[in-house]
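Scroll down for the structure; my scribbles are underneath it.
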Amino acid sequence: MATSLAFPFTQVTSAQRRTLLAAALGWMLDAFDAMLYALVLAHVMRDLGMTKGTAGLLNSLTLLASGIGGVAFGFIADRLGRKRALMLSILTYSVCSFASGLATSVLMLAVFRFILGLGMGGEWNTGATLVAETWPTELRAKAISIVQSSWAIGYALAALVTGIVLHYADWRMAFFVGILPALVVLWIRRGVPESEMWQQRKLRGAGSDSAASIQQVGFAGLFRPPYAKPTLALLFMNFFGMFAWWGLFTWIPPYLSLPVEQGGRGFGIMGTTTLLVVLNLVGMFPGYASFGWVADYLGRRKSFILYTFVAAVLVPIYAMARAPSALMVLGTVLAFFGTGFFSGSGIIGSEIFPTGVRARALGFTYNGARTMSSIAPFVIGHVGQAKGLSWAFYLCGVSFLMACLVATQLPETKGKQLE
């Protein structure tokens, strides 16, 4: 029991710690660059003359690209290595974040956000796969949860930086800051080892029986027994969860900052920034981080069901809230459960799929779900334009409930050794 509760950093090698740090930094900075758009959205809408529907459509394009990028970078990671794919994905989203600040039209911004989405999608599955293959079985869930929790830090950092930048400059400068994550690639290249599990499989080639059996799975094998049911269950659980998350958290920043007569809550820049920082650091971060511990105690499937069900109940209550204190408290608890369950996707996915297809399988089930959920910002924005964002958020609650129902079909993989 003492081992299961101990903080993972104290029980592993320095190489494993560097691997975890690289994946966490990549995911944190992915969030930083990805969420800049939502945080400056109200200002971009004003300057480029976008409606809520158009603004949501641009974010939908980013999510669409993330699905394509997740599968594409998954193939790169399975063929050329986890480390190379991780570096390339970080470079892609960093450069395109900077380029977004140069956009002078909706079309230019759409192109840059689409390419950014390719890198955004590729980072998650390459980083999660690298950690899953590097860390010991008994600490895998906790390690991947720590990686996932870094998204909240990146989101909070983006909110803080954006609040400061918008106080002194315009939204373009916020995007320019997004080039900084590219510097992390230099450290990863020098200090982070490649997955030994991947290297050993590459050296074995197709000659051994184990390698041959893994090779025969292929990408198409994900849709045949015994992988078909868990592949589809994980894909659709992620889809419904992501539809709810992106629909909700893309529009929470403008929801808080837009005037009341436009369906918002009328908070100023610093008031919105404060609420978002609290929501991420007190809600999302412990939500992500806690899932690994809960999953080791309750099991993977029951943890998914718990987190998504509570989120489904909280969304309509949050949508009806008006007072700043209520929005802060409810938003924090909603963020805890409504984002925490995402940590489980990398955990259970890495335990379901074998080494030969692990990165692309995670890319498909997680980022493929992002592609499917890419309609969420547009749908919520469109409904919000017609009936108000509070009403549109109810759809997110229904989607969380659907994720909960699909999660009942997932296998239980607690304690499974990776193949």
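Data for the structure
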item	result
Residue match in segment 23-46 (condition: under 26 Å from residue 355 (Cα atoms), modelled with pLDDT of 85 or more, acidic (Asp, Glu) and surrounded by 16 or more Cβ atoms within 10 Å (Cβ to Cβ))	yes
Residue satisfying all of: in segment 167-197; touching a residue at least 24 places away in the same chain (Cβ under 8 Å) and among the basic types (Lys, Arg); surrounded by the fewest Cβ atoms within 10 Å (Cβ to Cβ) among these	189
Helices (runs of 4 or more DSSP H) lying entirely in segment 358-419 (those with 3 or more residues that are of a type outside the set (S, T, N, Q) and more than 18 Å from the chain's Cα centre (by Cα))	375-387, 389-407
Residues (hydroxyl-bearing (Ser, Thr, Tyr) and touching a Ser or Thr at 6+ places or on another chain (Cβ under 7 Å)) located in segment 130-148	134, 145
Any hit, segment 207-225, residues being assigned to a helix (DSSP H, G or I), surrounded by fewer than 19 Cβ atoms within 10 Å (Cβ to Cβ) and modelled with pLDDT of 85 or more	no
Residue 277 vs. criteria modelled with pLDDT of 85 or more and part of a helix (DSSP H, G or I)	no
Filter pass, residue 144 being over 16 Å from the mean Cα position of the chain (by Cα) and assigned to a helix (DSSP H, G or I)	no
Residue 299 over 16 Å from the mean Cα position of the chain (by Cα), modelled with pLDDT of 85 or more and at positive phi	yes
Check on residue 368, touching a residue at least 60 places away in the same chain (Cβ under 8 Å), surrounded by 24 or more Cβ atoms within 10 Å (Cβ to Cβ) and closer than 22 Å to residue 149 by Cα	yes
Criterion: polar (S, T, N, Q) and farther than 29 Å from residue 294 by Cβ - qualifying residue of 62, 19, 13	62
Residue satisfying all of: in segment 238-248; over 13 Å from the mean Cα position of the chain (by Cα) and modelled with pLDDT under 95; surrounded by the most Cβ atoms within 10 Å (Cβ to Cβ) among these	248
Selected residue (only one of 116, 88, 64, 80 is within 24 Å of residue 276 (Cα to Cα) and not charged (D, E, K, R))	116
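This table checks each residue for (1) surrounded by 18 or more Cβ atoms within 10 Å (Cβ to Cβ); (2) of a type in the set (S, T, N, Q).
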| position | (1), (2) |
| --- | --- |
| 380 | yes, no |
| 390 | yes, yes |
| 394 | no, no |
| 397 | yes, no |
| 405 | no, no |
| 408 | no, yes |
| 413 | yes, yes |
| 416 | no, no |
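The values are calculated or read from the model by the stated rules, or taken from the named source; none is laboratory data. None of the values given here were measured: they were computed from a predicted structure. Neighbour counts run over all protein chains shown; Cβ positions are idealised from the backbone, glycine included.
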